[in-house]
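Here the structure comes first, spelled out in C-alpha cells, and everything after it is commentary.
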Amino acid sequence: MENSTIAKRFEAAAEEFAEAQNKSLRAKNELKAITSVIFLKMAGTVKERECQVDIDEIVVAKELGYVNAQCEENLAKAKKEAMSILFEEWRTARSDRRAEMNLR
C-alpha cells in the first residue's frame, strides 16, 4: 500500500473521530441544557422535579441522542486506532527495508 493511501485513510479516520467527538459533546451539552430548563419549569420538591425530568419525553429523546452520539464516537475512535496501527506497521516495514538496504 502506498504512503499517500495510508496517510489519506488515517487522516479520514482522524477527521471522522473529531467530528464524532464534536457531535457527542454537542449532544451532551444539549441534554444538560434541556434537563436544566425542564427541571426549572417543574413544580414540587427537588426529588419530585428530578423524577419528572427523568420521564420527560424530550429529555428521554435527548438522552438517546447522546448515547447514540457516544456510540458513534467510540466506533470512530476504534477506526482511528486501527488505522494508526496499520500506519505504524507500514512505517516499520519501510524502516526495516531501508535498514536491510543499508546493510548490503
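Observations
- Of residues in region 72-96 being modelled with pLDDT of 95 or more and small (G, A, S), the one surrounded by the most Cβ atoms within 10 Å (Cβ to Cβ): A76
- If you go through region 59-101 and keep only what is more than 20 Å from E16 (Cβ to Cβ) and small (G, A, S), you end up with A61, A93, S95, A99.
- Odd one out for D56, checked against (1) in contact with a helix residue (DSSP H, G or I) (Cβ under 9 Å, 6 or more places away or on another chain); (2) under 25 Å from F10 (Cβ atoms); (3) not polar (S, T, N, Q): (2)
- Index of the failed condition, A99 passing every other in (1) modelled with pLDDT of 95 or more; (2) more than 18 Å from the chain's Cα centre (by Cα): (1)
- Scanning region 28-68 for residues that are of a type outside the set (D, E) and touching a Lys or Arg at 6+ places or on another chain (Cβ under 7 Å) yields L31, I34, F39, M42, Y66.
- Residues in region 57-71 that are surrounded by fewer than 18 Cβ atoms within 10 Å (Cβ to Cβ) and either touching a strand residue (DSSP E or B) at 6+ places or on another chain (Cβ under 6 Å) or among the charged types (D, E, K, R) (or both): E57, E63.
- Residue check for S4: surrounded by fewer than 12 Cβ atoms within 10 Å (Cβ to Cβ) and either within 30 Å of E89 (Cβ to Cβ) or modelled with pLDDT under 95 (or both): yes
- Restricting attention to region 30-56 and to residues that are among the hydroxyl-bearing types (S, T, Y) and surrounded by 11 or more Cβ atoms within 10 Å (Cβ to Cβ), the residue that is farthest from K79 (Cα to Cα) turns out to be S36.
- In this structure, A20 qualifies as modelled with pLDDT of 95 or more, among the aliphatic types (A, V, I, L, M), surrounded by 16 or more Cβ atoms within 10 Å (Cβ to Cβ) and within 30 Å of T92 (Cα to Cα).
- Breaking point among (1) touching a residue at least 40 places away in the same chain (Cβ under 8 Å); (2) surrounded by fewer than 16 Cβ atoms within 10 Å (Cβ to Cβ), for A27: (2)
The values are calculated or read from the model by the stated rules, or taken from the named source; none is laboratory data. This structure is a prediction, so every number in the text was calculated from the model and none was measured. Neighbour counts run over all protein chains shown; Cβ positions are idealised from the backbone, glycine included.
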